Amino acid sequence: MIIATQGSNIGMGGPAMVEGGGLGVFTPEQIGPSSVQHGNGVIDVLVDDEAQAVAAARHYLSFFQGVVKEWLAPDAASLRDAVPENRLRVYDTLAVVNGVVDSGSLLPLRSGFGAGIHTALARIEGRTVGIIASNPQHLVGAIDADAADKAARFMQLCNSHGLPLVSFVDTPGFMVGPDMEAQAQVRHVSRMFVLAAALRVPFFSVVLRKGYGLGAMAMTAGGFHSPMFTVAWPTSEFGAMGLEGAVRLGYRKELEALPEGPERDELYQNLVARQYERGSAINMATTLEIDAVIDPADTRHWLARGLLSARVRPDVGTRFVDPW
């Protein structure tokens with residue numbers, strides 16, 4: 001855990017060492033400023049001053065003191081309006097998380113890095129949990145290399161300290177394309193699956209909206225059946241890939257058979273609506289792919305009961321070596 005103030009610098013060597021190595025002349029402020037180190041994931045929590053740094057350290061350490069008996073529950077009813085009715089609109093999943101965990105308990109970690117996934121520590125009815133949440137405000141929630149690295153390292157942290165994990169899912173999948181592969185996307189995203197397979201801590205998944213492809217599998221510890229339970233909000237939708245992309249690929253001949261214009265657009269929209277209906281949360285629950293479709297206001301209750309019934313697996317070591 002690295003906490004740093006806005007005016008701090010972190011580097012492997014100071015100006016004298018850099019100059020002595022023939023790498024140029026720089027001022028101390030030019031080497032590893034907090035803005036850079038927060039953006040690349042070196043700094044876990046960035047604060048304004050030393051007083052806030054002390055408060056952040058106390059907050060972090062408090063998560064390792066066991067169950068807290070006194071806590072305040074948030075207004076769960078507000079969760080029913082958290083996800084927009086328009087499925088193409090983005091929203092803040094941290095607002096959802098704040099509506100589930102104990103009031104004032106949330107501590108985001110590495111917020112400047114890997115923006116596609118939020119990671120945080122929090123409490124639910126006094127019990128410490130690790131939070132992983134998709135971020136639709138960045139790449140519509142798609143998981144890139146940095147986000148995968150961030151999530152994997154956080155899973156490793158929670159597993160090492162016996163902290164249950166709660167995942168809030170809204171992702172169209174992993175980012176793809178030549179530019180992403182140049183960033184070793186395969187290596188980074190694979191870490192989420194490797195680490196999930198070795199988890200000894202309970203894992204719970206809540207699908208908020210999009211649950212597509214391998215990205216959704218990674219956000220649910222390898223698959224919807226892997227967590228202690230996977231529940232979904234009524235706004236959830238599932239598929240092997242994004243609905244729009246699936247229609248363009250799967251019905252290319254039918255769409256191209258029509259001239260560009262209103263007729264083709266109408267067919268496209270009808271096909272997307274059909275795919276949405278097939279992949280809706282209700283239909284997924286009837287095929288036993290997920291455990292239940294729940295009232296968003298009941299999310300905290302589901303998680304609290306799950307935490308009470310779950311135990312850390314004794315058959316897996318408390319620590320494991322990161323092969324990367």
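The values are calculated or read from the model by the stated rules, or taken from the named source; none is laboratory data. Everything numeric in this text was worked out from a predicted model, so none of it was measured. Positions of Cβ are backbone-derived with ideal geometry, glycine not excepted, and every protein chain shown enters the neighbour counts.
Per-structure values
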| read-out | value |
| --- | --- |
| Matching residues in the stretch 144-175 - criterion: being part of a helix (DSSP H, G or I), among the small types (Gly, Ala, Ser) and touching a Gly at 6+ places or on another chain (Cβ under 9 Å) | 145, 147, 148, 151 |
| The lone exception for residue 100 - which of (1) assigned to a loop (DSSP other than H, G, I, E, B); (2) farther than 26 Å from residue 138 by Cα it fails | (2) |
| Candidates 29, 70, filtered to the one that is loosely packed, with under 13 Cβ neighbours inside 10 Å, over 28 Å from the mean Cα position of the chain (by Cα) and charged (D, E, K, R) | 29 |
| Count - residues of the stretch 241-262 that are in contact with a strand residue (DSSP E or B) (Cβ under 7 Å, 6 or more places away or on another chain) and of a type outside the set (A, V, I, L, M, F, W, C) | 1 |
| Some residue of the stretch 51-64 being surrounded by fewer than 16 Cβ atoms within 10 Å (Cβ to Cβ), modelled with pLDDT under 95 and either under 30 Å from residue 280 (Cβ atoms) or not β-branched (Val, Ile, Thr) (or both) | yes |
| Members of the stretch 6-37 that are β-branched (Val, Ile, Thr) and either in contact with a helix residue (DSSP H, G or I) (Cβ under 6 Å, 6 or more places away or on another chain) or assigned to a helix (DSSP H, G or I) (or both) | 10, 18, 25, 36 |
| Within the stretch 159-189, tally of residues that are surrounded by fewer than 17 Cβ atoms within 10 Å (Cβ to Cβ) and closer than 24 Å to residue 121 by Cα | 3 |
| Matching residues in the stretch 145-158 - criterion: being of a type in the set (Asp, Glu) and surrounded by 22 or more Cβ atoms within 10 Å (Cβ to Cβ) | 149 |
| Residue match in the stretch 115-122 (condition: touching a Leu at 6+ places or on another chain (Cβ under 9 Å), in a loop (DSSP other than H, G, I, E, B) and under 21 Å from residue 226 (Cα atoms)) | no |
| Checking residue 182 against (1) without any contact (Cβ under 8 Å) to a residue 24 or more places away in the chain; (2) closer than 30 Å to residue 280 by Cα, the condition it does not meet | (2) |
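So that you can scan it fast, the table gives a plain yes or no per residue for (1) within 17 Å of residue 143 (Cβ to Cβ); (2) out of contact with any Leu (no Cβ under 9 Å at 6 or more places or on another chain); (3) not assigned by TED's automatic domain parsing to the domain that holds residue 85; (4) not acidic (Asp, Glu):
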{"site": "182", "(1), (2), (3), (4)": "yes, yes, no, yes"}
{"site": "195", "(1), (2), (3), (4)": "yes, yes, no, yes"}
{"site": "198", "(1), (2), (3), (4)": "no, yes, no, yes"}
{"site": "209", "(1), (2), (3), (4)": "yes, yes, no, yes"}
{"site": "216", "(1), (2), (3), (4)": "yes, yes, no, yes"}
{"site": "248", "(1), (2), (3), (4)": "no, no, yes, yes"}
{"site": "263", "(1), (2), (3), (4)": "no, yes, yes, no"}
{"site": "275", "(1), (2), (3), (4)": "no, no, yes, yes"}
{"site": "285", "(1), (2), (3), (4)": "no, yes, no, yes"}
